[in-house]
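Comments concern the structure below.
The values are calculated or read from the model by the stated rules, or taken from the named source; none is laboratory data. What you are looking at is a predicted structure, and each value in this text was computed from that prediction instead of being measured. Don't worry about glycine lacking a Cβ; one is built from the backbone with ideal geometry, like all the others, and counts go over all protein chains shown. These area figures cover heavy atoms from the full protein model, side chains too; ligands, DNA and RNA do not enter into them. Shrake-Rupley method; radii C 1.70, N 1.55, O 1.52, S 1.80 Å.
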Amino acid sequence: MKKIINRYIFREIAIPFIIILFVLTFVLLMGKILQIMDLMVNKGIRALDIGHLIVLIMPNFMLFTIPVALLVAILIAMGRLSADNEITVLKASGVSLIQLYYPVAVASLLAFVAAMVIGYFLVPQSNFATKRLLFELASQNASIGIKEKIFNADFKGLLLYADKIPADGEYMEGVIISDTRVIGEQNTVLAKKAFLVADPKLMIVKLRLENGSIHTTSSDLKSYRKVDFKTYDINLDLSTTLASVTDEHKSSTDMTMTELLARMKNTELGDAVVRELAIEVHKKFSIPLSCIFFGLLALPLGITGHRAVKSRGFAVGIIIVSAYYLLRIGGEALVENGRLGPAVGVWTPNVIFALLGIYLFYMAHKERSHFQIIYNHIFKSRIKN
């Protein structure tokens, strides 16, 4: 009998969880859809590469949507069971709140494991793979976008013109570049030949010019300077072309736990960098563990007699998630400013919601409404007065 009840409640949680997870992930993806469409329509990126890019950014979205979907799904499931008086029937049959928590605990544990695997393994790998893919696409797009006898303004601060490009596209001839990256100076670069050189390790694309000259004039046109060169490299800013992914080192979000801990041992790093790395270390555990605390909190909050169960469950879930992530963002900001330690700033939201969940679970187990206690306290104090 208990197994049947557990499977029934678990199914009530699983179905809305899958739907909400899909919807929330799709909503987050819609925030990137304009950029993705721009890559396809204006940058000429293949649909297969776009699909690969979407797959790579999914782990970041799911690390956020899994705890949220779990919380809302439990609230909706428990609210639906309460509104249909099924919770009342189960309690009358001798099923305690602790027994009702078993399927919720299983769902929370599965969500925790999924979020842990995603945050610990997939997110760092996918973040760095995304940068690699963007760099490859940017490199391809840089060479594809340059046409002979056409001025190209895809690179920030540069206007590029090539008089002739062979059919194989390996180099350009008769190159003219207007360089406005230095404020107060107008540089015009002339070169007989130019090559696009990509460095996959540093993720930098350079335009290597051969046998040319640089002509520089001041902003008031009173001074002029000419420099001849045999080879001259210009780093191309790909931020207007596709993405800026020219960081020499991995960022903290691209690192695995081993890499983070190894990097933190570097004594040459500044305090701000160490705090940033420490935040990422703690987040790899604190975000997945929020699934456990959300499950503990959602069960007593979901048991109610309200009829508008779906809308109420979703609204309560959004309020809880908003409060949780506001506390998390505030805590991380204080850590970055050096006002709090990394452990305190990152784990405080989890501790608060864990204590709140334990309290509400205890009150629900004793079948005592915390709202009623607050009301009685206020009412009795008014009578005394």
(Q) Condition first: modelled with pLDDT of 75 or more, closer than 30 Å to Leu53 by Cα and not in a helix (DSSP H, G or I). Can you find one or more residues in segment 175-182 that meet it? (A) no
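Which residue, of Ser381, Ser369, is surrounded by fewer than 11 Cβ atoms within 10 Å (Cβ to Cβ), among the polar types (S, T, N, Q) and modelled with pLDDT under 90? Can you show your working first?
Details: Ser369 fails: surrounded by fewer than 11 Cβ atoms within 10 Å (Cβ to Cβ).
Checking each option against the conditions leaves just Ser381.
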Q) Does Ser108 satisfy the condition of being over 23 Å from the mean Cα position of the chain (by Cα), hydroxyl-bearing (Ser, Thr, Tyr), in a helix (DSSP H, G or I) and closer than 17 Å to Ala298 by Cβ? A) no
Q. Has segment 299-318 got any residue that is open to solvent by 20 Å² or more (accessible area, probe 1.4 Å) and modelled with pLDDT of 90 or more?
A. no
Q) Can you tell me which residues in segment 348-362 are under 23 Å from Met264 (Cβ atoms) and buried (at least 19 other Cβ atoms within 10 Å of the Cβ)? A) Pro349, Asn350
(Q) I'd like the full set of residues that are part of a loop (DSSP other than H, G, I, E, B) and either among the aromatic types (Phe, Trp, Tyr) or modelled with pLDDT of 80 or more (or both), limited to segment 190-244. (A) Ser223
